[in-house]
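The block underneath contains the structure these notes are about, expressed in structure tokens.
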Amino acid sequence: MLSRSNLLKLLSAFFVFGAWEVAGRIPVSFAFPTFLESMTALSILIWDGTLFTAYGETLRPLVVGILISGFLGIGIGLFIGLNRKLDWLVSPIFVVMQTAPLAALIPLLVMAYGIGLTSKVFVVCIMAMPVIALNTGGAVRNTPASIKEMGLSFLGTRSDIVLKIVLPAASPVIFAGLRLGISAGFIGAILAELKITPTGVGDIITYSRSIADYPSMYAAIFSIIVLAVVFLNLLEKLERILFGGLNRGYASE
Amino acid sequence: MSETKQISENAVEVRNVFKNYGDVEALRDLTLQFPKGQLTSLLGPSGCGKTTLLKIIAGLIPATSGEVLVNGKPVTGPGPDRAFVFQDFALLPWATVLRNVAFGLELRGVPKPQREEIAVKYIKDVGLSGFEQSYPHELSGGMRQRVGLARALSVDAQVLLMDEPFSAVDEQTRRKFQEDLLSLVQNENKTFLFVTHSIEEAVYVSDQIAILLPRPSRVSEIIRPTGFRNKDKDSIRRDAEYLDIVDKIWASLRTYVE
Amino acid sequence: MKLFGYELPQMSSLILWGLLWEIVGRLEVTFFIPALSDIFVTLLEISTTKVFLTALSETGYAFLLGTVSAIVIGIPLGILMGKNRLVDELLLPWVNIFLSAPLTALVPVLMVLFGFGLQAIVITTALFAIWIIVLNARAGVMQINRSLVEMAHSFGATPKDAFFKIYFWAALPEILGGVRIGFIRAVKGVIIGQLLISIVGFGALFELYSSNFLMKHFWAVLIVLFSLAFILAEILAYLEKRVSYYASRRAA
């Protein structure tokens with residue numbers, strides 16, 4: 001027996017995909033295939049392996065970029081959170097980066113680093129790093145004063161306090177910041193493929209659009225959104241399993 | 001008996017301590033003695049600097065001038081001779097009760113088997129046996145403060161600094177805590193410094209009550225209840241001297257209540 | 001941070017970074033980083049040119065239209081979701097999906113459906129902004145203090161009164177928080193839309209400048225964009241702070 005909430009989710013999905021199907025049959029636009037056409041195209045893309053090769057290529061800059069921004073972002077965030085002077089010096093740059101439409105830097109990156117992997121990794125990094133660094137910094141700075149005092153009063157050394165108190169206390173928000181960074185990284189990776197050079201999934205989207213194979217185009221877009229959403233949801237689940245009992249504070253964009 | 005206690009030496013001495021935050025004078029020329037083996041309350045309205053004074057004694061914040069002696073040695077920072085019990089418990093939410101209680105020893109570098117053995121003993125002493133593997137969020141407020149107390153006891157410091165330890169627990173639990181605290185003072189040969197804003201609580205548990213008045217803080221009065229200290233726990237609250245002292249303190253504090 | 005006992009303003013280190021930029025630019029370390037002062041001179045030059053003003057007004061127009069529609073649709077939808085469980089359960093999964101989905105991937109679809117023009121950019125902008133606005137309005141309504149609602153009923157408030165005098169105000173801090181993040185997302189959306197549909201607004205300008213290697217021009221436009229985005233975010237943060245005093249107290 002399905003629970004009420006799952007039943008409603010199914011119903012809701014049925015409505016939306018049904019509406020998509022109907023709109024495609026009317027059709028609302030020559031460029032709007034039906035849901036079933038798109039899903040057929042998706043299964044063909046999966047069946048002949050095109051999609052897997054494409055993701056192999058799309059995910060490379062994303063993975064490399066996230067690894068770099070994860071290490072650098074968390075590292076810088078730690079220093080920002082622990083040191084007031086560094087906070088004053090470095091934080092404003094990330095604050096500006098976080099509010100700014102950094103996508104506008106892409107033409108410049110292409111000029112500087114060409115149209116290869118480097119540029120794409122860079123795009124992922126500039127999108128993902130600010131949110132990771134700022135959340136890490138904030139989490140470290142917001143460690144409850146009383147548990148730090150506790151560490152001091154029980155004779156903890158500076159490194160004891162950072163390693164045994166500040167870091168564990170900050171880790172839920174750091175992890176959540178990392179998740180937001182990955183979410184932004186997805187945007188960067190797709191943007192890079194659509195704007196810099198069409199490779200991977202971006203290539204499927206661009207190519208099928210140019211030959212007016214709209215079902216394949218929709219299928220590719222559908223697949224990347226599903227992939228991102230499923231992956232980010234899994235991360236959120238993991239977060240709840242890891243830090244379930246101690247959710248203090250929220251990561252912010 | 002109280003005679004001999006009073007002539008015994010002081011565990012903590014505060015001498016002419018000043019504390020300024022910028023232009024704000026938090027403590028002015030504060031001098032106070034805390035006799036060994038006794039419980040001294042710091043009582044006063046909020047903003048009177050009692051927590052500041054306790055943290056200066058703990059070595060968590062420096063005094064602007066003046067000195068604090070613990071067992072005759074000046075305080076320069078936190079030391080093994082003092083243990084702190086926090087108002088908000090200050091437990092590590094990601095650690096079990098066992099690790100929380102052993103955490104003070106962990107920071108002192110005591111090897112794991114030893115420190116856990118000690119922790120288990122104190123967990124039992126505060127009545128939390130069976131909860132060793134629980135996490136703080138699974139415990140009630142009162143139980144959490146027992147963890148905080150066990151942590152402070154397990155490092156075996158001579159002086160226990162308690163910052164409004166019972167203010168975040170409900171009234172019934174609080175009464176039970178106060179009774180337990182009386183036995184603790186009697187059984188452990190330790191000195192207790194106890195910050196509270198509850199008049200009844202201070203009178204009930206203290207050998208000595210220092211009344212602090214605000215802006216800037218100074219000691220206005222020191223009261224030593226003598227008559228009912230050795231009485232049965234249940235009859236203290238009906239003791240005439242107890243009631244008199246409560247009334248007297250209220251009379252001197254009421255003008256400071258906004 | 002303090003210097004000689006004087007508290008330095010929060011963002012003041014940017015001046016230091018600006019100086020560093022100027023020095024790097026003057027030393028001609030790389031072609032890609034011209035001196036900051038030169039960039040500002042260029043900025044003054046191009047700020048009166050027609051292409052720049054067109055780009056600015058087109059972007060502003062798309063941004064405004066996109067965010068206004070996101071607010072007009074998003075806030076009532078969020079409040080409805082907060083008050084009606086069935087609507088909430090039907091829509092929440094989708095809101096969450098679109099909140100974390102890389103919406104950039106949808107831009108090609110919008111391009112083929114709505115043409116390579118402003119319309120597609122407006123919709124991109126609205127799509128970037130709306131989900132967080134919905135979600136925050138919903139959260140705001142859902143965490144309204146029950147005793148406030150009961151108080152209103154006990155004093156005989158009509159449903160209309162209850163809505164405008166209680167629900168809206170009680171949820172306002174969260175709603176404004178959502179609008180602020182929505183606006184920041186919209187800024188990114190409007191630029192991403194223009195980059196991909198590169199024949200309007202700043203998208204066209206970027207193409208023009210980068211294909212001609214006009215570095216100073218390029219940076220001048222970037223600085224204008226970044227400053228506008230930052231100022232917008234700060235203004236919204238300020239507004240949010242003015243009402244958040246009661247939100248933080250409620251959260252405690």
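The values are calculated or read from the model by the stated rules, or taken from the named source; none is laboratory data. Source: prediction; values computed, not measured. Cβ sites come from the backbone with ideal geometry, for glycine too, and all protein chains shown count toward neighbours. Please note that ligands, DNA and RNA were not included when accessible areas were found on the heavy atoms of the full protein model with its side chains. Shrake-Rupley method; radii C 1.70, N 1.55, O 1.52, S 1.80 Å.
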* Helix A:200-210 vs. chain A, principal-axis angle (Cα, 0 to 90°, nearest 10) -> 30 degrees
* Got a sec? What order do A:LEU36, A:LEU235 fall in by accessible area at 1.4 Å, biggest, i.e. largest, first? -> A:LEU36, A:LEU235
* **Among A:GLU236, A:GLU149, A:GLU21: highest mean-square fluctuation, GNM of chain A, C-alpha pairs under 10 Å** => A:GLU149
* Simple label model, 7 Å out from Cα along Cβ direction - B:GLU117 to B:ALA251, nm -> 5.6 nm
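Using Cα-Cα distances under 8 Å and only pairs 6 or more residues apart, what relative contact order does chain A have, in percent? Numbers along the way, then the final one.
Values: 294 pairs, mean separation 65.7, N = 253.
Relative contact order, chain A: 26 percent.
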* To do: Pick out which of C:GLY25, C:GLY82, C:GLY201 has the largest mean-square fluctuation in a Gaussian network model of chain C, springs linking Cα atoms closer than 10 Å.
  => C:GLY25
* For the pair C:PHE31 and B:VAL24, how long in nm is the line joining their label points, each one 7 Å along Cα→Cβ? -> 5.9 nm
* To do: Please state, rounded to one decimal and in Å, the Kirkwood hydrodynamic radius that the range C:39-245 gives when every pair of distinct Cα atoms enters the mean of 1/r.
  => 18.7 Å
* Asked: Considering every residue in A:167-179, what mean count of other chain Cβ atoms within 10 Å of its Cβ is obtained?
  -> 1
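Within the range A:26-71, which chymotrypsin sites (Phe, Trp or Tyr not before Pro) sit in a loop by DSSP and count at most 11 neighbouring Cβ atoms inside 10 Å?
Answer by residue number: A:PHE30.
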* DSSP beta bridges in the protein assembly as shown, what fraction antiparallel, as a percent rounded to 5? -> 55 percent
* Structure fact -> Probe 1.4 Å, all chains present, heavy atoms only: C:ILE199 accessible area in Å², nearest 10, is 120 Å²
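Across peptide C:85-98, how many C-beta atoms of other chains are within 10 Å of each residue C-beta, on average? Can you show the working numbers first?
Numbers: counts 2, 2, 0, 1, 8, 7, 3, 4, 7, 5, 0, 4, 7, 2.
For this peptide, the per-residue mean of nearby foreign Cβ atoms is 4.
Mind listing which trypsin sites (Lys or Arg not before Pro) in the range C:11-83 are in a DSSP loop and have 16 or fewer other Cβ atoms within 10 Å?
Numbers: sites: C:ARG26, C:LYS50, C:LYS83; in loops: none.
Qualifying residues, ordered by number: none.
Per residue of A:102-114, what is the mean number of Cβ atoms on other protein chains within 10 angstrom of that residue's Cβ? Please report the intermediate quantities before stating the final value.
Details: counts 7, 12, 15, 4, 5, 10, 9, 1, 1, 7, 4, 1, 0.
Mean number of neighbouring Cβ atoms from other chains: 6.
Restricting to DSSP H runs of at least four residues, report the calculated mean residue ellipticity at 222 nm for chain A, -39500 (n - 2.57) per run over all residues, nearest 500 deg cm²/dmol. Spell out each step's value before the answer.
Working: 10 runs with 196 residues, N = 253.
For chain A, the value works out to -26500 deg cm²/dmol.
Once the Cβ-Cβ distance between B:GLU241 and C:SER147 is put in as r, and R0 is 45 Å, what FRET efficiency do you end up with, to the nearest 0.05? Working shown, then result.
Details: r = 43 Å, r/R0 = 0.96.
That gives a FRET efficiency of 0.55.
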* Structure fact -> For A:TRP20 the rounded accessible area (nearest 10 Å², probe 1.4 Å, non-protein molecules ignored) is 40 Å²
* Structure fact -> Measure of exposure for C:TRP169: accessible area at 1.4 Å probe, Å² rounded to 10, is 130 Å²
* To do: Would you list which lysines come within 27 Å of A:LYS9, measuring only between C-alpha atoms, while excluding same-chain residues fewer than 8 positions from it?
  => A:LYS237, C:LYS83
* Among the aspartates and glutamates, select those whose C-alpha is under 15 Å from the C-alpha of A:LYS85, and discard any that sit fewer than 8 residues away in the same chain. => C:GLU7
* Which of the lysines could be linked to C:LYS188 by a straight reach, that is with a Cα gap under 21 Å, when you skip same-chain ones fewer than 8 residues away? -> A:LYS120, A:LYS195
